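Okay, structure first, notes after.
The values are calculated or read from the model by the stated rules, or taken from the named source; none is laboratory data. A quick note: this is a predicted structure, and the numbers were derived from the prediction, not measured. Here the Cβ positions follow ideal geometry from the backbone for every residue, glycine too, while neighbour counts run over all protein chains shown.
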Amino acid sequence: MNSFVFCIDGYDNDPREIHSIPEVRKFYAAFHQAWPFWLYFCNLDQDGLKMMVLCCLKTFTAIKVDDQPKCAVQFDTNELTAFLAQDFAQMNVMCERAGMFEGLIQKRVQEIFAHFGLPGN
C-alpha cells in the first residue's frame, strides 16, 4: 500500500502537459481497465496518482500561464468522485487481503479524498 509511483517517460520535449497528450490518456485508460488497484498501491505523497486519474477523466480544463512551471487544472468533482468510487471496491479487496481492519481502510479512504482535495465522506 502507498508504495507505487507510475511515471510516463519520453515526452520531456513535448510542450503539452501529460494529461493533454492523447497517447498518454489512452495508455492510462487501458492501464486502469487492466489493473484497477491504483487506490491501494499508489503513493499519495506525490502527484502521480492525480495525473493518472486526470488522464482518465473525460472532461477537465487546464490553464497554463507563460513562464510558470505548472498549470492549473479544474475538473468536474462529480466525475472525479464517480471515478474514485468505482475503485474503492478493488481497494477494499486488497485491504482485506492485507488483513487491514475497518478503521485503517477508512483512514485510507480519507487520505485519498484529501489527496484529491475532496471533502471527507
For LEU39: the one exception among (1) in contact (Cβ under 8 Å) with a residue 60 or more places away in the chain; (2) in contact with a strand residue (DSSP E or B) (Cβ under 9 Å, 6 or more places away or on another chain): (2)
Region 1-41 - residue that is among the hydroxyl-bearing types (Ser, Thr, Tyr) and part of a helix (DSSP H, G or I) and, of those, surrounded by the fewest Cβ atoms within 10 Å (Cβ to Cβ): SER20
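Could you list, in sequence order, the residues of region 99-121 that are touching a Phe, Trp or Tyr at 6+ places or on another chain (Cβ under 8 Å) and either of a type in the set (A, V, I, L, M) or closer than 16 Å to PHE37 by Cα (or both)?
As a first pass, look at region 99-121 and keep what is touching a Phe, Trp or Tyr at 6+ places or on another chain (Cβ under 8 Å): 108-109, 119-121.
The answer is ARG108, VAL109.
Do you know which of the residues in region 2-16 that are polar (S, T, N, Q) and under 30 Å from CYS95 (Cβ atoms) is nearest to the chain's Cα centre (by Cα)? Walk me through how you get there before you give the answer.
Step one: filter region 2-16 for residues polar (S, T, N, Q), giving 2-3, 13.
Still in the list and also under 30 Å from CYS95 (Cβ atoms): 2-3.
On the way: ASN2: 12, SER3: 14 Å.
Across region 2-16, the extreme among qualifying residues is ASN2.
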Checking LEU44 against (1) in a loop (DSSP other than H, G, I, E, B); (2) at pLDDT below 95; (3) within 20 Å of GLY117 (Cα to Cα), the condition it does not meet: (2)
